[in-house]
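Below is one structure, written out as structure tokens, with a few remarks after it.
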Amino acid sequence: MIVEGLLTSTSAAGQINVAPMGPTVHGDFESLLLRPFRGSTTYSNLIETKAAVFHVVDRVDVIARAAISRLDELPDTVVATVVSGVVLADCCRWFEVEITDIDTSNERSEMQAQVVHTGQRRPFYGLNRARHAVVEAAILATRVHLLSRAEIEAALRFLAPAVAKTGGPEETDAFAILQQHIERHYVGETSA
Ligand SMILES: Cc1cc2nc3c(=O)[nH]c(=O)nc-3n(C[C@H](O)[C@H](O)[C@H](O)COP(=O)(O)O)c2cc1C
């Protein structure tokens, strides 16, 4: 199963990056298959340092902002226990991983990651449709170059009621910044 979450990775020079990532999870989080696009910061960092920390989260504002590079500042972090890296201070569970195998033959690379340490910071808040809708919208925002404008706008129209009906201010704001980001991509074009 693919679990959407946040991945922290670090460059050889020590620069921290936070990116939404959806690895395939094997077993009960014994190992992960990460598939970072070549050219992304996550990809370069994993090639350089072969370590990362994957986080199961329930808040979606960081996912939304990180997806469109609008993290004004890095979220608070603490030093990881086993790998050279950082753990997000606000997460439910975290998984420190070491990259054991890398296949870069496709645009979307494949990196096998062995979980070497795990921990929990707080319980998962609960399922919420608005939060899931924001995750979907964040994925759309990162795929404006791959999907048609009509597809993206139809998907946003489908997702918007769940945000309006079941979300709080955090989900409303996150959905709005993703919509703005997508609209800005199409400035100058007429609607499909
Ligand atoms: C929920 C979610 C899951 C994502 N999963 C992946 C993934 O598995 N691989 C990938 O390359 N990008 C994925 N993305 C897109 C990246 O997060 C996005 O392209 C990001 O800008 C790349 O970040 P980086 O350059 O900071 O590494 C995902 C985005 C979202 C919102």
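Just to be sure before I move on: is GLU96 part of a helix (DSSP H, G or I), farther than 25 Å from ILE182 by Cβ and more than 9 Å from the ligand (Cβ to nearest atom) in the structure I sent? Walk me through it before giving the result.
Values: part of a helix (DSSP H, G or I): no; farther than 25 Å from ILE182 by Cβ: yes; more than 9 Å from the ligand (Cβ to nearest atom): yes.
Answer is no for this residue.
Six or more apart or on different chains, Cβ under 7 Å: which pairs go from a residue in segment 126-137 that's closer than 14 Å to GLY168 by Cβ and among the basic types (Lys, Arg) to one that's within 10 Å of the ligand (Cβ to nearest atom) and not in a helix (DSSP H, G or I)? Could you list them?
ARG131/VAL60
Could you list all residues from segment 35-54 that are within 7 Å of the ligand (Cβ to nearest atom) and in contact (Cβ under 8 Å) with a residue 24 or more places away in the chain?
As a first pass, look at segment 35-54 and keep what is within 7 Å of the ligand (Cβ to nearest atom): 35-37, 40-43.
Scanning segment 35-54 gives ARG35, PRO36, PHE37, THR41, THR42, TYR43.
Contact list please: Cβ distance under 6 Å, first residue in segment 160-171 and in the same structural domain as LEU140 (by TED's automatic domain parsing), second residue among the β-branched types (Val, Ile, Thr), pairs at least six apart or on different chains.
Hits for this filter: GLU171/VAL134; GLU171/VAL163.
May I ask you to list the residues in segment 81-93 that are part of a loop (DSSP other than H, G, I, E, B) and either within 15 Å of the ligand (Cβ to nearest atom) or in contact (Cβ under 8 Å) with a residue 60 or more places away in the chain (or both)? Walk me through how you get there before you give the answer.
Of the residues in segment 81-93, the ones part of a loop (DSSP other than H, G, I, E, B) are 81-85, 89-92.
Matches in segment 81-93: SER84, GLY85, CYS91.
Would you check if there is a residue in segment 159-174 being at pLDDT 95 or above and touching a Leu at 6+ places or on another chain (Cβ under 8 Å)?
The initial filter retains those residues of segment 159-174 that are at pLDDT 95 or above, namely 159-174.
Within this subset, residues satisfying the condition of being touching a Leu at 6+ places or on another chain (Cβ under 8 Å) are none.
Checking segment 159-174: not a single residue is at pLDDT 95 or above and touching a Leu at 6+ places or on another chain (Cβ under 8 Å).
The values are calculated or read from the model by the stated rules, or taken from the named source; none is laboratory data. Values in this document were obtained by computation on a predicted structure and should not be read as measured data. All Cβ positions, glycine included, derive from the backbone under ideal geometry; neighbour counts span all protein chains shown.
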